[in-house]
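The values are calculated or read from the model by the stated rules, or taken from the named source; none is laboratory data. This structure is a prediction, so every number in the text was calculated from the model and none was measured. Cβ sites come from the backbone with ideal geometry, for glycine too, and all protein chains shown count toward neighbours.
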Amino acid sequence: MSEQTQSKRTVKDKDVVTLEYTLTVDGEVVDSSEQHGPVAYIHGMGQLVPGLEKEIEGMAEGETKEVVVTPEEGYGPEDPAAYISLPRSEFPPEIPLEPGTVIQLSDPQGRVYNATIHEVRDDQVVLNFNHPLAGKTLHFTVKVVSVREATPEELAHGHVHGEGGHAH
Ligand code: ZN
């Protein structure tokens, strides 16, 4: 009797990958699966930042890796044009105008944007519409918990069903 060596599944396009991860930026943990459980995503569909997705390609089930992602392959560089100054009078008085506070604004079409209050002047408030991680180098520790083929339905919907994904 010879022992069967079963090679572990590795990540390729259109696989559903379940990940445990920790994201550290400037020496601080900003996001982690310990806070809200592992994430499941479909590989090769741009659901992760490009620099991370490319490093996960080919990883085996159970494998752990440290990945450093540059801003260019992460959330993009900081865009100076995304700093916008608005008159203070446009803000409802109940909003605390503190630098660092994230607020939501909607445009006339009803789209919602997140902005961080950057600076509060006498009559103006400077908002930063950049992604909070724009311009940052991202340090990930990732572990591939499981890999399976995506179902045709998942591919059609563009998201994962079942555990760690959408319930519908
Ligand atoms: Zn669906």
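Among the residues making up the range 50-108, those that are over 16 Å from the mean Cα position of the chain (by Cα) and hydrophobic (A, V, I, L, M, F, W, C) are M59, A60, A81, A82, I84, L86, F91, I95, L97, V102, I103, L105. In the range 137-146 there is at least one residue matching the filter, namely being more than 18 Å from V39 (Cβ to Cβ) and either outside any strand (DSSP E or B) or modelled with pLDDT of 95 or more (or both). Checking each residue in the range 81-136 for being assigned to a helix (DSSP H, G or I), touching a strand residue (DSSP E or B) at 6+ places or on another chain (Cβ under 9 Å) and under 30 Å from L23 (Cα atoms) picks out only A82. Pairs linking a residue in the range 29-57 that is among the aromatic types (F, W, Y) to a residue that is surrounded by fewer than 19 Cβ atoms within 10 Å (Cβ to Cβ), with Cβ atoms under 7 Å and 6 or more positions apart or on different chains, are Y41/Q47. Taken over the range 22-41, residues that are surrounded by 13 or more Cβ atoms within 10 Å (Cβ to Cβ), more than 18 Å from E66 (Cβ to Cβ) and of a type outside the set (G, A, S) amount to 1. Under the condition of being touching a Pro at 6+ places or on another chain (Cβ under 9 Å) and either surrounded by fewer than 18 Cβ atoms within 10 Å (Cβ to Cβ) or not in a strand (DSSP E or B) (or both), the residues counted in the range 52-71 number 1.
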